[in-house]
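The structure under discussion appears below in the form of structure tokens.
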Amino acid sequence: MRIVTLEEHIALPAMTEKIPKEALGNFGQSAAMQQTIPKLADITGERLVSMNDSGISMQVLSVDSSGANLLSPAKGPAFAMQYNDLMAESIVGYPDRFTAFAHLPMTAPLAAADELERAVKEYHFRGAMIRGLTDDQFLDHPKFAPIFERAETLGVPIYLHPGLPPKGVADIYYSGLPNYTGMAEAIACYGWGWHSETAIHVLRLLFSGVFDMYPKLKLIIGHMGEMLPMMMARSERAFKPGNGGANQRTLSETFHQQLHITTSGFFTQPPLKLALETFGVDNIMFSVDYPFSTNQMGIDFLNAIELPAEQVEKIAHGNADKLLNLTS
């Protein structure tokens, strides 16, 4: 069976060393995160061997952690362009095994829209990955409109991934903990904070009417829906059209039409069952979150899904092939 994974990360040393250390703060410095650095830098070595061993047909690569969004509007565009050039160069010769999401200079939204178009047209990248907030601002800020407009015009999705917590949030929620670089990072990022913040991000896009302004825009989020499936019924009541927001459609209508989720990093069946009941099988795509999760963990989970074969195939590759136009 063909298997496609969409949230698979890289970090090329030639680029990461250009990010000012003070911009990263204390996050990403834990021993667990440091151990992934060699795996993030590798594309066609151990990564490809693992894909072969686990039966993964294709990875959609994306830049791990923050990059151009931590740089000034003057420096970000050139950084993002170089990163996309290096990604494209790294996967030449492997068109059936790798493609990518563009890295965007989010502090310069118009340049980000232009870079998205360049990466899609020149390298056939399949959309873009945006990581969290930019300059402490959510994507419902009007200045980010050019990115949504261009993605809709190009017919490619935006993958919204969690990013580093803003300093103000980190100081209040994640300070004063023992083993700061370990415990605070876990709570702020992969253990909880990432997921709740991304859910808030999506709800803000809904409530501010962004989905209605760009009705053909497709948004992807990972980690089995970033807590949204669990909250669907309650949020549905809170965000009804006419409750003070700019949204013209209900939460369920909007999400079923424009929001897609991946399984990245979630490998137990109960969250999948909830996602199936709320989002439906046509809106769910398999992902691993490599190298932070292993390909084998993902494959074991995929093989344990108790659904008809045609529905498993939708999750494994069919929905991704359709959304990302991977068969052309």
Of all residues in region 311-325, count the ones that are open to solvent by 20 Å² or more (accessible area, probe 1.4 Å), more than 15 Å from Met1 (Cα to Cα) and either of a type in the set (A, V, I, L, M, F, W, C) or in contact (Cβ under 8 Å) with a residue 12 or more places away in the chain (or both).
2
Residues of region 183-193 classified as assigned to a helix (DSSP H, G or I), open to solvent by 40 Å² or more (accessible area, probe 1.4 Å) and either free of Cβ contacts under 8 Å to residues at least 12 places away in the same chain or under 28 Å from Pro142 (Cα atoms) (or both), total:
1
List pairs: first residue in region 212-228 and under 13 Å from Gly155 (Cα atoms) and touching a residue at least 12 places away in the same chain (Cβ under 8 Å), second residue acidic (Asp, Glu) and part of a loop (DSSP other than H, G, I, E, B) anywhere in the structure, Cβ distance under 8 angstrom, at least six positions apart or on different chains.
none
A careful count of residues in region 218-266 that are of a type in the set (A, V, I, L, M, F, W, C) and in contact with a strand residue (DSSP E or B) (Cβ under 7 Å, 6 or more places away or on another chain) gives 6
Could you tell me how many of the residues in region 78-101 are open to solvent by 50 Å² or more (accessible area, probe 1.4 Å) and either more than 26 Å from Leu133 (Cα to Cα) or of a type in the set (A, V, I, L, M) (or both)?
9
Could you grab me the full set of residues in region 120-144 that are assigned to a helix (DSSP H, G or I) and touching a residue at least 60 places away in the same chain (Cβ under 8 Å)?
none
Expected output for region 33-45 (first residue over 9 Å from Phe292 (Cα atoms), partner in a helix (DSSP H, G or I), Cβ below 6 Å, 6+ apart or cross-chain) is Ala41/Pro13; Ile43/Ser90
Pick from region 233-261, criterion touching a helix residue (DSSP H, G or I) at 6+ places or on another chain (Cβ under 7 Å) and of a type in the set (S, T, N, Q), ranking: nearest to Asp282 (Cα to Cα):
Gln258
Could you check, for region 269-277, whether at least one of its residues is in contact (Cβ under 8 Å) with a residue 24 or more places away in the chain and surrounded by 20 or more Cβ atoms within 10 Å (Cβ to Cβ)?
yes
Can you find, within region 211-250, the residue that is nearest to Ala102 (Cα to Cα) among those that are β-branched (Val, Ile, Thr) and open to solvent by less than 10 Å² (accessible area, probe 1.4 Å)?
Ile220
Across region 282-310, the tally of residues that are open to solvent by 30 Å² or more (accessible area, probe 1.4 Å), of a type in the set (A, V, I, L, M, F, W, C) and either without any contact (Cβ under 8 Å) to a residue 24 or more places away in the chain or under 23 Å from Gly127 (Cα atoms) (or both) stands at 2
Inside region 1-77, counting only helices (runs of 4 or more DSSP H) that do not spill past its ends, which hold 3 or more residues that are modelled with pLDDT of 95 or more and crowded, with 19+ Cβ neighbours inside 10 Å?
46-54
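The values are calculated or read from the model by the stated rules, or taken from the named source; none is laboratory data. Owing to the predicted nature of the structure, the values given are computational and were not obtained by experimental measurement. For neighbour counting, all protein chains shown are included, and Cβ atoms are generated from backbone atoms with ideal geometry for every residue, glycine included. When the accessible area is computed, the model is the full protein with side chains, heavy atoms only, and any ligands, DNA or RNA have been set aside. Shrake-Rupley method; radii C 1.70, N 1.55, O 1.52, S 1.80 Å.
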